[in-house]
Amino acid sequence: MRLAYPNEGTQTHTLIVQDPKGNDIPPKLRVGPGKETGATYQLPAGKYTLYCDITGHRAAGMVAELTV
């Protein structure tokens, strides 16, 4: 699966993909303001957590669930 990560904001963000057991799956994406990055992941069926690990961002709502 190819995951694109655009950042239309004014702060740098990261994107971590976490497996159903809570383990981070590399690569960790980092994208600056006005930039875009992406990666390809080989993910078996399941529910994954996507989040930004910059201090305070996850608590502010930068978290999502991905179902494969």
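Laboratory data are not the source of any read-out in this text; all were calculated from the coordinates shown. Treat the numbers as computed from the prediction; the structure is a model and nothing was measured. For neighbour counting, all protein chains shown are included, and Cβ atoms are generated from backbone atoms with ideal geometry for every residue, glycine included.
Sequentially through the stretch 3-12, phi angles give Karplus couplings (6.51, -1.76, 1.60; θ = phi - 60°) of 10, 8, 9, x, 10, 8, x, 10, 10, 6 Hz, Gly and Pro residues having no value and appearing as x. The loop-placed trypsin sites (Lys or Arg not before Pro) in the chain, going by DSSP, that have at most 13 neighbouring Cβ atoms within 10 Å of their Cβ come out as Lys21, Lys35.
Couplings 3J(HN,Hα) of the stretch 15-30, computed from phi: 9, 10, 9, 10, 6, x, 8, x, 8, 6, 10, x, x, 7, 9, 9 Hz, in residue order, whole Hz [Karplus 6.51 cos²θ - 1.76 cosθ + 1.60, θ = phi - 60°; x for Gly and Pro].
Using θ = phi - 60° in the Karplus curve 6.51 cos²θ - 1.76 cosθ + 1.60, the 3J(HN,Hα) couplings for the stretch 44-54 round to x, 3, x, 10, 10, 9, 10, 7, 9, 9, 5 Hz; x is entered for Gly and Pro. The base-10 log of I(q)/I(0) for the chain, evaluated at q = 0.18 Å⁻¹, reads -0.66 [Debye formula, identical scatterers on Cα atoms, solvent excluded].
With each label modelled as a point 7 angstrom along the Cα→C-beta vector, the Ala4-Thr49 pair spans 2.8 nm.
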